Amino acid sequence: MTNSQFTRQWDLDWLRVLVFGVLILYHVGMYYVADWGWHIKSAYTSELLQNFMLLSNQWRMSLLFFISGIVLAFCHQRMSTWQLIKAKTLRLFVPLLFGMYVVVAPQMYIEMLDKGLITMSFFDFWLAYINPNTPLLAQYQSEIGLLTWNHLWFLAYLWVYCLLLLVFTRIVPLRPLLSALEAKLSASVALGVAIVTLFVVWMMLRQTYPSTHGLIDDWYNHGKYFSVFLMGYIFALLPHLKASVVKNRHGLTAVALIGYTLILLDKHGFLYFLSQHFETNIWVKSLYGVVVCTNHWAWMLALIGYSASHLTSPNPPLRYATSAVLPWYILHQTLIIGCAYWLKPFEISPGIESIFIIALTALGCFLGYEVIQRNKVLCVLFGVAKQDKTCIPKAKYQTVS
């Protein structure tokens, strides 16, 4: 708990980069998947694609919040609360504002063109987009007009969660409390607490507060993501938990696969004898909640376990990707929407078209980062910082093969 020897845990970098890669593929899938709304949609949609996207749908963003909580705890061991608040504001809030005003604007412009709601030039649209009192597209406005963050909601939520947790730990010192619990809190009890916490959130908030990504009215997502973020912070300070996750990664994978199978069976109507009572029987609803919440944590911890077992060494591509991952994240959805809209009139088969979209998006992100990292102002605006190899402490567990 008080170890002052710091080195980087490369497994976390590997996993974060891989999950952001999955996110790019997921957003390309959103263009083609049937029945799931998105900014623009292909003329060719697939219900089968839902089955594959459901695999990561439940835990994809939660895992990023969990890793962020781990990293915050490690950094908090060597940086003051005020230093971290400044660092997180520079790394998250500044890119969020820049992204909203500059990077996200083309997404909304293309969406409105695709829906036939505007015919104006991008510059004229952008002037209206940044004007909080614009009369344009009133049905798409919020309290700040047309200005929005779209996929950058993750940066907004993460910044707020970091501030809340850092202030909370000033009032309630978690480290001494967890130090006292370390010998008594078994991994199974910790997992039970995590699942029960998510279960309570799922039961109480999911239907009343459907996902909006609007920050001030998104209470189910806050309950889920902030609890996961807090669990990540605690997970980092109790190293025996990670040792247990590594040891039990195969069992966690089995549980995750069972949960995913049950979700697919329910989706395709094979569990109708249960689903027909979902709204009227509290025990049936609770059973669904247990499956969803257990599936959620099993996938996240299994991936943590496998990355800690096999992805422990750095290499030049990883070092590059670790620095590039935030600019890639900021740029990727605008590039996906732009490429999809440009290719749409050619009526290419969706299999070939999706490959083009992925390739062009990756190329655009690569070229964008090459420009960004060579300009100090753009580095600040896209949250690029020099790699701090002293920020993450040595792993306190034995790698299990």
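The values are calculated or read from the model by the stated rules, or taken from the named source; none is laboratory data. Model, not experiment: these values are computed from the prediction. Note that we place each Cβ from the backbone using ideal geometry, even for glycine, and neighbour counts take in every protein chain shown. Ligands, DNA and RNA are stripped out before the accessible areas are found, and what is left, the full protein with its side chains, is counted by its heavy atoms. Shrake-Rupley method; radii C 1.70, N 1.55, O 1.52, S 1.80 Å.
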- Fluctuation leader among F366, F273, F235 - the chain, Gaussian network, Cα springs under 10 angstrom: F273
- Shape call for the stretch 167-246 from the C-alpha gyration tensor, a ≥ b ≥ c root eigenvalues: rounded (a/c under 1.5), prolate (a/b greater than b/c) or oblate? prolate
- In the full protein assembly as shown, how much of I216 is accessible to a 1.4 Å probe, in Å² to the nearest 10? 120
- In the stretch 49-108, the chymotrypsin sites (Phe, Trp or Tyr not before Pro) that sit in a DSSP loop and have at most 14 other Cβ atoms within 10 Å of their own Cβ are none
- Do any of K267/K344; K115/K285; K41/K224 go past 32 Å between their Cα atoms, and which? K115/K285
- Message: Quick check: from the Cα gyration tensor, does the stretch 143-195 come out rounded (a/c under 1.5), prolate or oblate?
- Response: oblate
- the chain - charge dipole about Cα centre, Lys and Arg +1 at Cβ, Asp and Glu -1, debye rounded to 20: 1640
- Query: So how strong a dipole does the stretch 71-227 carry about its Cα centre when Lys and Arg Cβ are +1 and Asp and Glu Cβ are -1, to the nearest 20 debye?
  - Reply: 780
- Item | Share of carbon and sulfur in the accessible heavy-atom surface of the stretch 303-369 [1.4 Å probe, %] | 77
- Query: Distance in nm between label sites at V160 and A128, each 7 Å beyond Cα in the beta-carbon direction?
  - Reply: 2.8
- Query: Of all GluC sites (Glu not before Pro) in the stretch 45-150, which ones are in loop regions per DSSP and have a Cβ with at most 14 other Cβ atoms within 10 Å?
  - Reply: E47, E143
- Please label the shape of the stretch 159-309 as rounded, prolate or oblate, based on the square roots a ≥ b ≥ c of the eigenvalues of the alpha-carbon gyration tensor (a/c under 1.5 means rounded; beyond that, a/b larger than b/c means prolate, else oblate). oblate
- Pairwise label distance in nanometres, A254 with L363, each label 7 Å out on the Cα-Cβ vector: 4.7
- What length, rounded to one decimal in nm, is gained on full extension from L287 through to Y140, with 0.36 nm per residue of separation minus their alpha-carbon distance? 49.2 nm
- Query: Using a 1.4 angstrom probe and counting only protein chains, how large is the accessible area of D35 in Å², to 10?
  - Reply: 130
- Query: Percent of accessible area on the stretch 31-74 owned by carbon and sulfur, 1.4 Å probe?
  - Reply: 58
- Message: Quick check for you: with a 1.4 Å probe and neighbouring chains kept, what is the accessible area per residue of the chain, in Å²?
- Response: 48
- Rounded to the nearest 500, the 222 nm mean residue ellipticity computed for the chain from DSSP H runs (n ≥ 4, each -39500 (n - 2.57)) alone is -21500 deg cm²/dmol
- Can you give the convex hull volume of the alpha carbon atoms of the chain per residue, in Å³? 163
